[in-house]
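Engineer: I have a structure here, written as C-alpha cells, and I will follow up with some questions on it.
Every number in this text was worked out from the coordinates using simple rules, so none of it is lab data. Treat the numbers as computed from the prediction; the structure is a model and nothing was measured. Note: ideal-geometry Cβ built from the backbone for every residue, glycine included; neighbour counts use all protein chains shown.
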Amino acid sequence: MATLYDKIWADHLVGERGDGQSLIYIDRHLLHEVTSPQAFAGLRLAGRDLWRRQANLATPDHNVPTDNRGAGVAGIEDPVAREQVETLDANCRRHGVLQFDIHDARQGIVHVIGPEQGATLPGMTIVCGDSHTSTHGAFAALAQGIGTSEVEHVLATQCLAQAKARNMAVRTRGALPPGVYAKDLALALIGRIGTAGASGHTIEYMGEAVRGLSMEGRMTLCNLSIEAGARAGLVAVDDTTLAYVHGRPFAPKGTLWNAAESHWRSLRSDPDAAFEQTMEIDAAALVPQVTWGTSPEMVTGVDGCTPDPAKAADALKADGWQRALSYMGLAAEQPITDIRLDRVFIGSCTNARLEDLRIAAGLVAGRRLAPNIKQALVVPGSGLVKQAAEAEGLADVFSKAGFEWRAPGCSMCLGMNPDRLPPGEHCASTSNRNFEGRQGYGGRTHLVSPAMAAAAAVTGHFTDVRVLL
Amino acid sequence: MKAFRVETGLVAPLGQANVDTDQIIPKQFLKSIKRTGFGDYLFDAWRFLDEGDIGVTPDERRLNADFVLNQPRYQGAAVLLARDNFGCGSSREHAVWALMEYGFVAVIAPSFADIFHGNCFKNGLLPIILDEATVDGLFAQVQAQEGFTLTIDLERQRIVLPDGGEIAFELVPMHRRKLLEGLDDIGLTLAEAERIRAFEAAHLARHPWLAQDLAAGA
Ligand code: SF4
C-alpha cells in the first residue's frame, strides 16, 4: 500500500522530533564550491566536526573555466571565484572529504559524477546544496536539494529535519516518438502543471515512456522535477537501473551486490499505493518542446507560437507573459521556428551525459554551424564523459562542424564562470532554467533537448528536429 | 539567530508571480564565501540599470527608478508582499540572506517554493502564506495608502492592519518555535545524537553496501 517515496522515507526515518518534523538519515552528501563554504565556516565557528566524513563527495563545478584547464585553480581569472574553489579544496583536505578537484579526470558537474561513480545508488537518501539534486531520483534514490544551513546540518548530524512531502504520480501513456526525448516530456509536463504544480510533492514518473528511457534520459526527467516545484523526482528500479549501476567504481561488488540487488528490486510503489495527485501524459502525442519565455512553464511545441497576453486567463498571467515577451524581445503569436538564434549551449546537469552528446553529434555530423550562430559550446558533464566522447570521435564531429569542445563544468548554464550569454542574444540551451539573466546578464534563453539544440545550431533558428532525422 | 516576536514594518508590493532566486540574488554574487554582503545586490538586475558585481557599491550604480523598491514611498520597507511561488528555482540560501540584510523581516505570499520556504526558517525570515483573496486585498491597500505598515505578531500568529483589523496565519508549530526562540537547528538535532547513532548502526547493518568509505577510494 506504500509508494516508492513512502518506502524510502520509512527506511530512513530516525524518528519524529516531536514538532511535526522528522529526522531523516542521509546516506550520501554531495558538495560543490558555491553552497558549502558558509556551511564549513559555520561548523568551525561552533567547534563541530563532520558526523560521517566518508559519506561525502565533493567537486568544483559552477566556477571552473571550461578552457585553459591546464593552469588548474590558477586558471580561474576572477579572484573571488578562485577563492571559492580554493576554499573547497581546503575544507575537503581539512576534513578528509573525497574531492575530485579541478585536476582530477573524474571532476565534473556534481549531478553527473555521482551516478557515474556509483556514489549514487538506489534506495539512498541523497542531498546536495543544489536544487538539481533531484537528478539522482532516476535511481529510485530520494534526492533533494537543500540550502546552505541544511548543508551544515547534514555535515554535522548526517540527518535532515523535515516534514514528509505528498505523493504525486506522473503516468505516461505510450512511448516517446522519434525525435522526442526525456527533455521534451519534462518540459511538456511543466508547461501543463506550471512551475509550482508539484510544490510540496515528490513525483514518481511511471509508464511505458519512462520505462523505455535510458538512465541518462531518466536523469534528465528527474533533474527537471524541481522546475515543476517538486521536492524530488523518482523512477522505480528495473533492469535498466541495475545494468547502469553494476560495475561502477563505488557500486557494491560480489555478495554485497547480491544483497543490494534484492533490496533494490523492492524499490517500487505497490500496485494499489495511493497518490495525492495524479497527472497523465500522452507521451506518444508529444512534439519537441521549446521555451519562449523566462520561466520553464513558458513552453510550447516547436510547431507552436508565442502566446498573446490579451488571451491570458487572468491579469496576473497576462502581465507575466507580457513581461517575458518584452524581456525576450519577442512578439505575441510569433512562430517558434522564426526565432533567430545567436548562440547554442549543449551542456549542464540536465543534458551533458554521453547519450546527450551522441544524439547531438548524430545530427551535427556532415553539417555545419549556420552563419548567424556566433558560438556553439559543447560542454561535457564530466571529465570521463569528455574522454569517452573523444574516444568515440564525437568531439571531432562537433569541432568539424564549428562547435567549441570544452572541459567539464556548469559553464553557460548559469555563467558564474567566464562562459556567458551576452545581453539581448538568443541561445538554444540544453540547460534547465530560462530565468532572466540566468545564462548571462540580459541573455535570452530557450530550453530545448540536445537534438533540438543541434538542429538549431545547423539551421540558425528553431527547426523541428524530426525533419532532420 | 535573532528571535522574532513582534515586528512592525512598511510594506512593499512585488506584483509578479514565480519570482525566482536568480532574480532575488543573481549568480555573480554567489562567488562570495561569506554569509553577509548580499543586501546591496538584492533584486540586482531589477534595482539597477547596469550589471553589478561583488565589490561594486550601490552609489556607483545606475538606479532603475521604476523598480518598486526604489520608489521613495517604499524606502525602509520591512515586509515584502509577493505573489505565488515566491523563491522558486535555485536552492541558494543567499536569497534569504540578501532579503534579510536589505531589511526585510517577513515575506507575505499565497505560496512559496519549498526550498526557499525551508531556508527562511534557518535564518529568521518569516514567510507568511495567506490565501489569494487576502493577498489581493493587501496589494490594493498598499497601493492605495502611502506608508502602509503591518505589525506581525508571531506569538499570536496575527497580522495587525493599520486600522486594527487582524489576519490570522498558519505556521508549523516547530517553525514558529524556532523563530520565536531563535533556535539553532543543529543543536536541536544533536540533542538526539544517541538516537541517530543507534539508527545509523542498524541502518548500515541492514544495508551493508552503504557502509563503504568514499574517502578510502574505490
Ligand atoms: S549545470 Fe546548471 S543547474 Fe546543474 S548544477 Fe550546474 S549550475 Fe546548477
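Engineer: Any idea what the dipole of the protein assembly as shown comes to, in debye rounded to 20, about its Cα centre with Lys/Arg Cβ at +1 and Asp/Glu Cβ at -1? Write out the running numbers ahead of the final one.
Structural biologist: Numbers: 64 positive and 82 negative charges, 226 e Å.
The calculated dipole for the protein assembly as shown is roughly 1080 debye.
Engineer: Can you tell me the FRET efficiency between residue A:93 and residue A:1 if r is taken as the Cβ-Cβ distance and R0 is 41 Å, rounded to the nearest 0.05?
Structural biologist: The pair residue A:93/residue A:1 has a calculated efficiency of 0.30.
Engineer: For peptide B:167-180, compute the average count of partner chain beta-carbon atoms within 10 Å of each residue's beta-carbon.
Structural biologist: 2
Engineer: Hey, another quick one. Is there a quick way to get the dipole size of region B:6-171? I mean about its Cα centre, with the Cβ of Lys and Arg at +1 and of Asp and Glu at -1; what is the value in debye to the nearest 20?
Structural biologist: That gives region B:6-171 a dipole magnitude of about 400 debye.
Engineer: Please work out the C-alpha center-to-center distance from region B:1-37 to region B:158-218 and express it in whole Å.
Structural biologist: 22
Engineer: Test of understanding: in a Gaussian network model of chain B with alpha carbons linked when under 10 Å, which of B:81, B:188, B:130 would top the mean-square fluctuation ranking?
Structural biologist: Top of the fluctuation ranking is B:188.
Engineer: Now for a different question. Starting with the fewest neighbours, write out A:106, B:83 ranked by other beta-carbon atoms found within 10 Å of each beta-carbon.
Structural biologist: A:106, B:83
Engineer: Can I ask one more? Determine, for each peptide in A:395-408, B:150-163, the mean count of other beta carbons within 10 angstrom over its residues, then list the peptides with the highest first.
Structural biologist: Highest to lowest by the protection proxy: A:395-408, B:150-163.
Engineer: Along region B:175-190, what does the Karplus equation 6.51 cos²θ - 1.76 cosθ + 1.60 (θ = phi - 60°) give for ³J(HN,Hα), rounded to whole Hz, x for Gly and Pro?
Structural biologist: 4, 5, 5, 4, 5, 4, 9, x, 6, 8, 4, 5, x, 4, 6, 5
Engineer: Taking neighbour counts of Cβ atoms within 10 Å as a proxy for exposure, in what order, fewest first, do A:266, A:131 appear? Walk me through the numbers on the way to the answer.
Structural biologist: Working: A:266 14, A:131 27.
Ranked by crowding around the Cβ, least crowded first: A:266, A:131.
Engineer: Any idea how far the Cα center of region A:378-434 sits from the one of region A:292-335, in Å?
Structural biologist: When both Cα centres are located, 28 Å separates them.
Engineer: What is the packing order of peptides A:80-92, A:112-124, A:252-264, taking the mean over residues of other C-beta atoms within 10 Å and listing the highest first?
Structural biologist: Working: A:80-92: 20.2, A:112-124: 24.8, A:252-264: 15.2.
Result, highest mean first: A:112-124, A:80-92, A:252-264.
Engineer: Of B:128, B:87, B:100, which is farthest on the positive side of the dipole of region B:6-171, counting Cα position, with +1 on Lys and Arg Cβ, -1 on Asp and Glu Cβ, and the Cα centre as origin?
Structural biologist: Result: B:100.
Engineer: For every other residue with a beta carbon closer than 14 angstrom to the beta carbon of residue B:199, add +1 if it is Lys or Arg and -1 if Asp or Glu, then tell me the sum.
Structural biologist: -1
Engineer: Across region B:67-74, in residue order, what do the Karplus-derived ³J(HN,Hα) couplings come to in whole Hz, using 6.51 cos²θ - 1.76 cosθ + 1.60 with θ = phi - 60° and x for Gly and Pro?
Structural biologist: Result, ordered by residue: 5, 3, 5, 8, 6, x, 5, 9 Hz.
Engineer: Summing Lys, Arg as +1 and Asp, Glu as -1, what charge do residues with Cβ under 12 Å from the Cβ of residue A:234 carry, residue A:234 excluded?
Structural biologist: Here the charged neighbours net out to +2.
Engineer: To continue, here is another question. Please state, as a whole number in µm²/s, the translational diffusion coefficient that the Stokes-Einstein equation yields for chain A at 4 °C and 1.567 mPa s, with Rh defined as the Kirkwood radius across alpha carbon pairs.
Structural biologist: In µm²/s, the coefficient is 58.
Engineer: Given the Cα atoms of region A:1-90, and with Rh set as the inverse mean 1/r over their pairs in the Kirkwood sense, what is Rg to Rh to two decimals?
Structural biologist: Rg/Rh: 1.13.
Engineer: With θ set to phi - 60°, apply the Karplus curve 6.51 cos²θ - 1.76 cosθ + 1.60 along region A:185-199 and write out the HN-Hα couplings as whole Hz, x wherever there is a Gly or Pro.
Structural biologist: So the J values, rounded to whole Hz, are 4, 5, 5, 4, 4, 5, x, 6, 9, x, 6, 10, x, 10, 3.
Engineer: Which whole number gives the average, over all residues in A:124-132, of C-beta atoms from other chains lying within 10 Å of the residue C-beta?
Structural biologist: Numbers: counts 3, 1, 0, 0, 1, 4, 4, 10, 2.
Mean partner-chain Cβ count within 10 Å for A:124-132: 3.
Engineer: Using only atoms on other chains, find how many Cβ atoms lie within 10 Å of each Cβ of peptide B:109-119 and report the average.
Structural biologist: 5
Engineer: Sum -39500 (n - 2.57) across every DSSP H segment of at least 4 residues in chain A, then divide by the residue count to get the 222 nm mean residue ellipticity, nearest 500. Intermediate values should be presented prior to the final figure.
Structural biologist: Details: 15 runs with 149 residues, N = 469.
Helices in chain A give a 222 nm mean residue ellipticity of -9500 deg cm²/dmol.
Engineer: Once amide H atoms are built 1.01 Å from N in the peptide plane, which residues 5 or more positions from residue B:63, or in another chain, come under 5 Å H to H?
Structural biologist: Those qualifying (amide H under 5 Å, at least 5 residues apart or on another chain) are B:49.
Engineer: Can you order the peptides A:176-186, A:239-249 by their average number of other Cβ atoms within 10 Å per residue, highest first?
Structural biologist: Answer by packing, highest mean first, reads A:176-186, A:239-249.
Engineer: Here is a follow-up. Of A:24, B:129, how do they rank once you tally other Cβ atoms within 10 Å and put the fewest first?
Structural biologist: Arranged by neighbour count, lowest to highest, A:24, B:129 become B:129, A:24.
Engineer: To continue, here is another question. May I ask you to list the lysines whose Cα is less than 20 Å away from that of residue A:7, ignoring any residue fewer than eight positions away on the same chain?
Structural biologist: Within the straight-line cut-off, residue A:7 pairs with A:164.
Engineer: Check residue A:204: other-chain or 5+ apart residues with amide H under 5 Å from its amide H, H built from backbone geometry?
Structural biologist: The answer is A:168, A:169, A:170, A:234.
Engineer: Hey, another quick one. Please list, short to long, the whole-number percent of alpha-carbon pairs of region A:115-270 in consecutive 5 angstrom bins beginning at zero.
Structural biologist: Histogram of Cα-Cα distances, whole percents per bin: 2, 10, 18, 22, 20, 15, 9, 3, 1, 0.
Engineer: Could you tally the net charge around residue A:129, taking each other residue with its Cβ under 11 Å from the Cβ of residue A:129, Lys/Arg +1 and Asp/Glu -1? If you can, show how the numbers build up before the last one.
Structural biologist: Details: positive: B:92; negative: A:33, A:130, A:150, A:152, B:93.
Neighbour charge sum, excluding residue A:129 itself: -4.
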